[in-house]
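Sharing a structure with you now.
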Amino acid sequence: METSTATITVLTITPVHAGRLLALADVELVIDGVSIVIHGIQVRADGSKTEITLPNYRAPDGSWRTAVTLPEEVRGPMGDAVMAAGLEAGLLMEKAVAG
């Protein structure tokens, strides 16, 4: 099995504040030296959870579909990087742990 090296960099994170949508992020993935920039990654939150979702588009049948499909080995760390950027920018807050 071959392995690849991936570097994930959050280029921008822009506050939006439209309902659950808090921000949009642009992320650069460099996989084996090839750079791919994904625009419009969504940071969504409500009182119980925060989630990072890939850009979507409206299909001809009217349903929303994910515009980019990434393997979990890339999607998970990319989501973590966007969350960290949101915390650093003050758009997100650490959830208090009840003790």
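The values are calculated or read from the model by the stated rules, or taken from the named source; none is laboratory data. Owing to the predicted nature of the structure, the values given are computational and were not obtained by experimental measurement. Backbone-built Cβ (ideal geometry, glycine too); neighbour counts: all protein chains shown.
Condition first: among the aliphatic types (A, V, I, L, M), surrounded by 13 or more Cβ atoms within 10 Å (Cβ to Cβ) and either at pLDDT 95 or above or not in a helix (DSSP H, G or I) (or both). Now tell me which residues in the range 53-77 satisfy that.
Let us first name the residues in the range 53-77 that are among the aliphatic types (A, V, I, L, M), namely 54, 59, 67-68, 70, 74.
Adding the requirement that they be surrounded by 13 or more Cβ atoms within 10 Å (Cβ to Cβ) leaves 54, 68, 70, 74.
Hits for the range 53-77 are L54, V68, L70.
May I ask you to list pairs of residues, at least six apart or on different chains, whose Cβ atoms are under 6 Å apart, with the first in the range 47-63 being of a type in the set (K, R) and the second being assigned to a loop (DSSP other than H, G, I, E, B) and surrounded by 10 or more Cβ atoms within 10 Å (Cβ to Cβ)?
Filtered contacts from the range 47-63: no entries.
The conditions are (1) part of a strand (DSSP E or B); (2) over 11 Å from the mean Cα position of the chain (by Cα), and S4 fails exactly one of them. Which is it?
All conditions are met except number (1).
In addition: Is it the case that the range 42-52 has a residue that's closer than 12 Å to M83 by Cβ and of a type in the set (S, T, Y)?
Yes: one or more hits.
Please enumerate the residues belonging to the range 18-37 that are out of contact with any helix residue (DSSP H, G or I) (no Cβ under 8 Å at 6 or more places or on another chain) and among the β-branched types (V, I, T). Can you show your working first?
To start, the set of residues in the range 18-37 that are out of contact with any helix residue (DSSP H, G or I) (no Cβ under 8 Å at 6 or more places or on another chain) comprises 18-21, 24, 26, 28, 30, 32-37.
V30, V34, I36, V37 - these are the residues of the range 18-37 that are out of contact with any helix residue (DSSP H, G or I) (no Cβ under 8 Å at 6 or more places or on another chain) and among the β-branched types (V, I, T).
Scan the range 8-19 for residues that are in contact (Cβ under 8 Å) with a residue 12 or more places away in the chain and loosely packed, with under 13 Cβ neighbours inside 10 Å and jot them down. It would help to see each step written out before you state the result.
As a first pass, look at the range 8-19 and keep what is in contact (Cβ under 8 Å) with a residue 12 or more places away in the chain: 8-13, 15.
Answer for the range 8-19, where residues must be in contact (Cβ under 8 Å) with a residue 12 or more places away in the chain and loosely packed, with under 13 Cβ neighbours inside 10 Å: L11, T12.
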